Amino acid sequence: MTRTLPVARTAATTTLEVEDLVVEVLTEDGWATVVDGVSFSLGRGETLGIVGESGSGKSVTCLSIAGLMPPRQTRVRAGTLRLLGQDLTALDQRQMSDIRGPKIAMIFQEPMSSLNPAFTVGDQIAEVLRRHEGLSRKESKARAIELLDRVGVPNPARRFGQYPFEFSGGMRQRVMIAIALACTPDIIIADEPTTALDVTVQAQILELLREIQREHGMSVIFITHDLGVVADVCDRVLVMYAGQIVEGAPLDELFEDPQHPYMEGLLAAMPRMDQRTDALVSIPGHPPQVGAFPAGCRFHPRCAYVRPQCTDGAAPPLEQAGPTHTTRCLRHLELTLRGTT
Amino acid sequence: MLRFLLLRVLTTIPVLVLVTFVVFGLVLLIPGDPAVTIAGPDATVEQVAAIRERLGLDRPLLVQYWDWVTSAMAGDLGTSLYTSRAVATSIGDALPVSMALAGAALLISLVIAVPMAIVSALRRGTWVDRVATLGSSLGIALPSFWLGLVFVLIFSLTLGWLPATGYVPFAQDPVAWLTHLVLPALTLGIAGAAESTRQLRGSIIGVLQQDYVRTARAKGLRGRMVVGKHVMKNASVPLVTVLGLQITALLGGAVLVEQVFGVPGLGQVAIAAVTTRDIPVIQGIVLIAVLVAVVCNLLVDLVYGYLNPKVRPR
């Protein structure tokens, strides 16, 4: 009996499809779930923001996509990760290392510690090209200098031979971007790339990322806890809380018409230029610890709209709140939540 | 780079001056008068005085010191009070032996330590790591002369593979030189390997947690490249420190192992000199040991500069 291959569900416009991703980490009490059933897709040229507090699972989700979670202490329990139709979960370490660089590249939060202090900045860019494109030392050096120039490092030929400690934070982050850009990947995952930088430098780096994305039509996953940054660069946003996606919508819709109390809280906590208030607003309480997620809706201990049905049983399902809008709130139909205007 | 080297060498001069003072002065603190010792128990006061005059021991200390330093710089470390051989010749004979032994021991310790540290750091907490940790604890704890005797028992007396004692110069017979060197070098190397493994394992574990190692993985570099290049260059700093100390110790302090295997190195010369209060020889050996230490420190500093660009002079 012959079976035709299933038609790839991934349209030509989808770069990445994540389905029911479950990631666990080893704690003293055994395996604990940190990412619980995360699903999303990423379109070509799209910038997807993932927001949430630390510990919400946003970084783990992305590190798992890139296969960078430490083995033995962490495991992908379930789910599929499809990159341009190829199932990443079926790949071994070696095959994943062929993907990282040419297909998925990453930019990390700490430009101060993300570059190796013992090697020149130029070498750290050039080695990517030698590894994936088989360039010679001379060719890779020429390309690395071009890349330094492209990301706005002045004097690239001289800077090529300098060490990370001779660069400022912003310049180092430009170098990280040059490394990510080296093999023109399909997806760049930027994990809080501007959090450690001064505000003015932050704006420059965001602008650079936007330019590069436009030039090459890359897809970008932008992990951040800063809604200001999200508003600046993202097309669509996923909100994560305690290992789950609790809301997902296009940027404007999410900000103007949030469908989950957590998102409403985040928006209310965002300092605004046009309103001067006496006290900064914050969501009461703390996000739950890994391995101790509450029953029912995981946000219910901190929710202002909590009802008895929210407090036990399984976590509520992710429901459609609109054609492109999802939420994990049982009461989203009865509640009218405040967004920004 | 050349300026750094020159500067670094110049800064050792005060150290050397200080050391020559101490070396020269130490002898004065040792109980017993060499002139009396040489003259023997039955000598008259006149005989002792004559000897004292011949050796220059009756002159002012600073003059004696200056004489000693200037002739030492010219390569003349004096004459042994006992064998009447030039000290420089005795040391010149023994130093290459000690250097060969130290070099071989260091090589063996690195060949054992580096792979063992890498494997046990990468597989932390597994049985491989536990075995390696236990092995290095044993290596540190076991006295080297005992280990040497065990090796002699196994490899020489029981298996008959290697000679138990003695030394053959390389120029005379390279193969015999090597076979005579294996057991003492192994004995010394294992102790060194144990210490180096422990240091290197710890620093690799530390470096593996650094963000830049994650960056190296995120670039798609192969595991071998991530560890061999990005981890090792940073993790080697403590190893270099340990190695620097080990070389110094190996050249000056392999006394017991040299004794067990009958290797005519500096240790043997030192023992003979100390037991007979042969002051010129003791001075010569201490001076050489200090020079070796100074050169080792210089090398260690240069390697630091290579490993860590921040400490490089600009």
Checklist line | Compactness of chain A as Cα Rg over 2.2 N^0.38 Å, two decimals | finding: 1.05
Check: What would the Debye formula give as log10 I(q)/I(0) at q = 0.13, 0.14 Å⁻¹ for the alpha-carbon point model of chain B, no solvent?
Finding: -1.06, -1.15
Notebook entry, point to check: What are the aspartates and glutamates whose alpha-carbon lies under 18 Å from the alpha-carbon of B:K310, with same-chain residues fewer than 8 places away excluded?
Noted result: A:D123, A:E166, B:D301
Notebook entry, point to check: Does the range A:245-341 come out rounded, prolate or oblate, given a ≥ b ≥ c as the square roots of the eigenvalues of its C-alpha gyration tensor, rounded meaning a/c under 1.5 and, failing that, prolate meaning a/b above b/c?
Noted result: oblate
Notebook entry, point to check: Near the amide H of A:V237, under 5 Å away, which other amide H atoms are found, from residues 5 or more places off or on another chain, if H is placed in the peptide plane?
Noted result: A:G49, A:A249, A:L251
Check: If you find the alpha carbon centre of the range B:189-267 and of the range B:15-88, how far apart are they in angstrom?
Finding: 42
Note to self: From the P(r) of the protein assembly as shown, could you give the percentage of C-alpha pairs in the tail past 51 Å?
What the structure shows: 35
Item checked: Along principal axes, Cα extents of the range B:2-73, largest first, whole Å -> 59, 20, 16
Notebook entry, point to check: Which lysines, on any chain, are close to A:K58 with Cα under 17 Å apart, when same-chain ones fewer than 8 places away are left out?
Noted result: none
Checklist line | C-alpha long axis of helix B:174-208 to longest principal axis of chain B, angle in ° | finding: 50
Check: Using a simple charge model, +1 on the beta-carbon of Lys and Arg, -1 on the beta-carbon of Asp and Glu, nothing else, what dipole does the range B:124-223 show about its Cα centre, in debye to the nearest 20?
Finding: 660
Next item on the list: Binning at 5 Å from 0, report for the range A:94-164 what percent of all alpha-carbon pair distances ends up in each bin.
Entry: 3, 16, 22, 26, 22, 8, 2, 0
Margin query: Can you list residues from other chains, or at least 5 along the same chain, whose modelled amide H is less than 5 Å from the amide H of A:G43?
Written below: A:T15
Notebook entry, point to check: Short version: ³J(HN,Hα) in whole Hz for each residue of the range B:140-154, in order, from phi by Karplus 6.51 cos²θ - 1.76 cosθ + 1.60 (θ = phi - 60°), x for Gly and Pro, what are they?
Noted result: 6, 6, 6, x, 5, 5, 5, 4, x, 5, 4, 4, 4, 4, 6
Notebook entry, point to check: Which value, in Å³ per residue, describes the convex hull spanned by the Cα atoms of the range B:185-290?
Noted result: 105
Next item on the list: Report, to the nearest 10°, how far helix B:2-29 tilts away from the longest principal axis of the Cα atoms in chain B, using its own Cα long axis and a range of 0 to 90°.
Entry: 40
Item checked: the range B:94-311 - percent relative contact order, Cα under 8 Å, separation 6 or more -> 27
Next item on the list: Could you calculate, for the range B:1-144, the ratio of the Cα radius of gyration to the Kirkwood radius, expressed as Rg to Rh?
Entry: 1.19
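Every read-out reported here was derived from the displayed coordinates using simple, explicitly stated rules and does not represent laboratory data. As the structure is a computational prediction, the values presented were derived from the model and not from experiment. Here the Cβ is made from the backbone with ideal geometry for all residues, glycine too, and neighbour counts use every protein chain on show.
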